[in-house]
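Visitor: Structure provided below as structure tokens; questions to follow.
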Amino acid sequence: MRSAIILRAFAGRYLHLRFRSGRDHAVEIVERPALSLSPAELDALVSACRMVVAACLDGRQLDYGLFAPDGSAWERSVVTLVRRTRDGAPIAFNAMPLLRVERGGAPGEVLHLGLVMVDPAERSAGLSWILYGLTCFALFVRRGLRPLWISSVTQVPAVVGMVAETFDHVYPAQQGTRASFAHHHLAHQIMRTQRDAFGVGEDAGFDPAAQIITNAYTGGSDNLKKSFEVAAKHRDERYNRFCLEMLDYARGDDVLQIGRIDLATARRFLARSVPRSAVPQLAVQGIILAIQAVVAPLVQWLAADKPLGRLRPAR
């Protein structure tokens with residue numbers, strides 16, 4: 001346990017975790033790598049992610065989002081990289097951009113679930129809880145357990161169902177959730193200013209009521225377009241039926257889901273998704289992050305004889 005978890009920049013501004021999720025896999029989660037890593041560390045991370053892309057696309061590369069030529073996505077994304085412990089080879093990653101939005105006249109962020117790629121040889125390794133839920137959980141705890149809005153753009157029924165079952169207040173596709181002003185307001189902003197984050201071109205259409213993006217694969221994500229027959233299915237037939245009825249796969253449609261991470265989401269993730277063998281390590285991480293995000297600021301605030309920047313100047 002002593003060597004299993006290394007927390008980088010404990011009091012730093014950005015999230016950076018390294019830990020073993022079991023005997024076979026090592027995980028690294030980095031918030032805004034271009035701002036939090038050294039140039040050499042960033043180059044190594046970029047190279048590792050490109051190796052996973054090449055394995056998934058038969059040597060081809062992507063040119064949108066994280067891999068856009070300007071490289072700006074590395075300044076606004078949370079990247080999770082999974083390596084095999086026996087040889088250190090990268091086998092999977094996700095990249096979740098933090099999208100700038102406005103709510104109630106104040107600036108905010110939406111965590112976009114973004115690009116997930118897994119080496120085809122490793123797709124039975126049970127990595128989905130790391131690549132989808134763990135990063136969101138860590139960021140939620142790091143931000144003081146404040147609710148965090150999420151978005152997802154996909155045409156894959158398995159992903160549509162995963163989002164609907166993992167997060168709260170998800171629209172569309174989550175049973176019992178109706179579209180609210182917040183859903184449509186955030187979707188409108190994302191489609192107006194953030195299309196480049198998920199490779200959707202300006203010529204793509206958008207149905208705001210259903211939150212369906214039409215002709216979505218023209219902005220750099222062309223290599224990811226799938227037919228319904230090829231797209232991974234969900235175990236619950238409702239999500240497969242939803243995608244078949246709502247999306248035109250020949251045209252290349254996507255669904256834009258908006259949801260939220262809150263305490264109910266975190267509790268459900270810990271109870272349903274995390275393997276029992278990983279619970280002790282995850283508990284330690286959660287405690288450390290909670291201390292960093294909640295307890296440490298409280299202790300600093302209560303120490304009335306110590307300066308606290310603009311909030312409490314030195315005597």
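The values are calculated or read from the model by the stated rules, or taken from the named source; none is laboratory data. Being a predicted model, the structure only gives us computed values, none of them experimental. Don't worry about glycine lacking a Cβ; one is built from the backbone with ideal geometry, like all the others, and counts go over all protein chains shown.
Visitor: Mind telling me which of the residues Val200, Val230 ends up being more than 22 Å from the chain's Cα centre (by Cα) and of a type in the set (A, V, I, L, M)? Explain how you work it out, then say what you get.
Guide: Values: Val200 fails: more than 22 Å from the chain's Cα centre (by Cα).
The match here is Val230.
Visitor: Sticking with this structure for a sec: Report yes if some residue within segment 298-306 is of a type in the set (D, E, K, R), at pLDDT 80 or above and either surrounded by fewer than 12 Cβ atoms within 10 Å (Cβ to Cβ) or farther than 20 Å from Leu127 by Cβ (or both); otherwise report no.
Guide: no
Visitor: Residue check: is Ala55 in contact with a Leu (Cβ under 7 Å, 6 or more places away or on another chain), within 26 Å of Val153 (Cα to Cα) and in contact (Cβ under 8 Å) with a residue 60 or more places away in the chain? Walk me through how you get there before you give the answer.
Guide: Values: in contact with a Leu (Cβ under 7 Å, 6 or more places away or on another chain): no; within 26 Å of Val153 (Cα to Cα): yes; in contact (Cβ under 8 Å) with a residue 60 or more places away in the chain: yes.
No.
Visitor: Quick check on segment 197-209: of everything there that is surrounded by 15 or more Cβ atoms within 10 Å (Cβ to Cβ) and under 19 Å from His184 (Cα atoms), which residue is modelled with the highest pLDDT? First the steps, then the outcome.
Guide: Of the residues in segment 197-209, the ones surrounded by 15 or more Cβ atoms within 10 Å (Cβ to Cβ) are 197-201, 204, 206.
Pick out the ones that are also under 19 Å from His184 (Cα atoms) and you get 197-198, 200, 204, 206.
Numbers: Ala197: 85, Phe198: 86, Val200: 89, Ala204: 93, Phe206: 97.
Per the stated criteria, the residue is Phe206.
Visitor: From the list Asp43, Asp63, Asp87, exactly one residue is out of contact with any Asp or Glu (no Cβ under 8 Å at 6 or more places or on another chain), over 27 Å from Gln257 (Cβ atoms) and either modelled with pLDDT under 90 or not in a helix (DSSP H, G or I) (or both). Which is it?
Guide: Asp87
Visitor: Quick one: in segment 162-196, which of the residues that are surrounded by 15 or more Cβ atoms within 10 Å (Cβ to Cβ) and among the small types (Gly, Ala, Ser) is nearest to the chain's Cα centre (by Cα)?
Guide: My answer is Ala164.
Visitor: Kindly provide the set of residues from segment 210-269 that are assigned to a loop (DSSP other than H, G, I, E, B), among the aromatic types (Phe, Trp, Tyr) and within 19 Å of Ala173 (Cβ to Cβ), ordered by number.
Guide: The initial filter retains those residues of segment 210-269 that are assigned to a loop (DSSP other than H, G, I, E, B), namely 210-211, 215-221, 225-236, 247-253, 262.
Those still in the list that are among the aromatic types (Phe, Trp, Tyr) too: 217, 228, 249.
Within segment 210-269, Phe228, Tyr249 qualify.
Visitor: Here are some residues: Gly252, Gly259, Gly199, Gly205. Which one is over 29 Å from Arg103 (Cα atoms) and in contact with a Ser or Thr (Cβ under 9 Å, 6 or more places away or on another chain)? Even if it seems obvious, please write down each step before you answer.
Guide: Values: Gly259 fails: over 29 Å from Arg103 (Cα atoms); Gly199 fails: over 29 Å from Arg103 (Cα atoms); Gly205 fails: over 29 Å from Arg103 (Cα atoms).
Testing whether each residue is over 29 Å from Arg103 (Cα atoms) and in contact with a Ser or Thr (Cβ under 9 Å, 6 or more places away or on another chain) leaves just Gly252.
Visitor: State which residue is surrounded by the fewest Cβ atoms within 10 Å (Cβ to Cβ) when the search covers only segment 68-104 and only residues that are polar (S, T, N, Q) and within 12 Å of Met117 (Cβ to Cβ). Explain how you work it out, then say what you get.
Guide: Filtering segment 68-104 for residues polar (S, T, N, Q) gives 72, 77, 80, 85, 94.
Then keep just the ones that are within 12 Å of Met117 (Cβ to Cβ); that gives 80, 94.
On the way: Thr80: 23, Asn94: 25.
Selected residue: Thr80.
Results for (1) crowded, with 21+ Cβ neighbours inside 10 Å; (2) within 13 Å of the chain's Cα centre (by Cα), shown as yes or no for each residue.
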{"residue": "Gly108", "(1), (2)": "no, no"}
{"residue": "Leu111", "(1), (2)": "yes, yes"}
{"residue": "Arg123", "(1), (2)": "no, no"}
{"residue": "Ser128", "(1), (2)": "no, yes"}
{"residue": "Val160", "(1), (2)": "yes, no"}
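Visitor: Name the residues in segment 105-125 that are touching a residue at least 60 places away in the same chain (Cβ under 8 Å) and part of a helix (DSSP H, G or I), would you?
Guide: Passing the criteria: Pro120, Ala121.
Visitor: Within segment 243-259, track down each residue that is buried (at least 19 other Cβ atoms within 10 Å of the Cβ) and farther than 28 Å from Asp63 by Cβ. Give the derivation first.
Guide: Filtering segment 243-259 for residues buried (at least 19 other Cβ atoms within 10 Å of the Cβ) gives 243, 247, 252-259.
The answer is Gly259, and nothing else.
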